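Comments concern the structure below.
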Amino acid sequence: MTTATKTQPADSITDFRRRAYRHAVEDGAIDLVVGVYTLMVGVATQRRFFLALAVVYLMAMAIAWKPLHDRLTSLRTGYAELPLGAAPIPLLSAVLLAGLVPIGVVAVSTIATGALWNLAGWPTWAPVLAGAVLAWAFLDTARRSGVGRFRFLSAASVAVSVFFWLFAFGPGINPSDRLTLFFFVMAGLLLAAGGVAMARFVRTRPVTEEEAGDVR
Amino acid sequence: MSADPVPGSDPQTIAGVERLVHEPGRLAVLACLAVVSRADFLYVMRETGLSQGNLSSHLSKLEAAGYVAVEKTFVGKVPRTVLQLTEAGREALRTYRNRLVDALSRLPE
């Protein structure tokens, strides 16, 4: 008869799934990678031919995330691969969508004037579209992983996008700059959040001296 | 005073859940591996809360039954034991769940 272990009570599959997702995002590596990609998409809102390469950049970022994440976690909290389609591709895809949606809406609203992406026709609320997409993606990540900082990023997406919609900038900032600046600020927040998360993770999760155990 | 037997109840239905899967430690290991593609020994140990020796023992049994595939690799100079739930393991977990749900539904209130 098996003696009771000192383990916690049996967890549901949902708990294991949430903890697996938490394992993928808690080290902060995903924030850094998504932050860099957000910067790229921000530049692409000014130099729109870069958007054509955005999918390539997305895959490059997803590939770059894996070794960074493994290096941080494998000797501290172990190594685990989530099924295909889990972090970081959904977040990276959301950033790309956040860039494409307002650009697409602006294209539709300006083409009628006969000058595609004419600055005079740019709606100032374009950043709000981007903010809504990012807010949803961060909230979804928070729900899946239970990691609180993604709720903060979700709220920040909304707040920053509304700011860049409503604030009365001077003539030096044109309507397309509002969208670009929104992405730049979000990139900065992501990089800062990722840096803080990574520093805390490294400080609180010591490296194990050797791989624990062996299958006999 | 003994309770009247519940029509359709059958002790064999409860006894029929696979004991290999039914053990709480092994069930935790299978559940942990069911939600990831692959994971290493350290990850599973942390997630299940099992001790090193306990987990090794459970993994030996699960590997012998063909429910978990064990691969020993190196990452640089650091050994890594990678674990993966096999299709047979997924099926065993699925069957266990269905039988347990069925058995529990037949228990008297």
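The values are calculated or read from the model by the stated rules, or taken from the named source; none is laboratory data. Predicted, not measured: the structure shown is a model, and the values here were computed from it. Here the Cβ positions follow ideal geometry from the backbone for every residue, glycine too, while neighbour counts run over all protein chains shown.
Assorted remarks:
- Output for the stretch B:18-64, where each listed residue is more than 11 Å from the chain's Cα centre (by Cα) and of a type in the set (A, V, I, L, M, F, W, C): B:V35, B:V36, B:A39, B:F41, B:L42, B:V44, B:M45, B:L50, B:L55, B:A64
- Sole exception among (1) part of a loop (DSSP other than H, G, I, E, B); (2) more than 14 Å from chain A (Cβ to nearest Cβ); (3) at pLDDT 90 or above for B:V6, by number: (3)
- Enumeration of residues in the stretch A:61-101 that are farther than 28 Å from A:P127 by Cβ and either away from every other protein chain (no Cβ under 13 Å) or assigned to a helix (DSSP H, G or I) (or both): A:I63, A:K66, A:P67, A:L68, A:H69, A:D70, A:R71, A:L72, A:T73
- Within the stretch A:117-162, the set of residues being within 15 Å of A:A107 (Cα to Cα) and touching a residue at least 40 places away in the same chain (Cβ under 8 Å) comprises A:W117, A:L119, A:W122, A:P123, A:T124, A:W125, A:A126, A:P127, A:A130.
- Subset tally (residues that are buried (at least 24 other Cβ atoms within 10 Å of the Cβ) and either of a type in the set (D, E) or more than 9 Å from chain A (Cβ to nearest Cβ) (or both)) for the stretch B:20-29: 2
Yes/no matrix, rows are residues, columns are (1) under 16 Å from the mean Cα position of the chain (by Cα); (2) modelled with pLDDT of 90 or more; (3) of a type outside the set (S, T, Y):
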residue	(1), (2), (3)
A:T73	no, yes, no
A:A80	no, yes, yes
A:F138	yes, yes, yes
A:A168	no, no, yes
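- Residues being among the aromatic types (F, W, Y) and exposed (fewer than 15 other Cβ atoms within 10 Å of the Cβ) - total across the stretch B:62-96: 1
- Filtered residues of the stretch A:162-195 (kept if over 10 Å from A:T38 (Cα atoms), part of a helix (DSSP H, G or I) and of a type in the set (G, A, S)): A:S176, A:A192, A:A193, A:G194, A:G195
- Scanning the stretch A:14-34 for residues that are under 14 Å from the mean Cα position of the chain (by Cα) and more than 17 Å from B:M45 (Cα to Cα) yields A:V25, A:E26, A:D27, A:G28, A:A29, A:I30, A:D31, A:L32, A:V33, A:V34.
- Per-region count, the stretch A:102-123, residues assigned to a loop (DSSP other than H, G, I, E, B) and either touching an Asp or Glu at 6+ places or on another chain (Cβ under 9 Å) or surrounded by fewer than 18 Cβ atoms within 10 Å (Cβ to Cβ) (or both): 8
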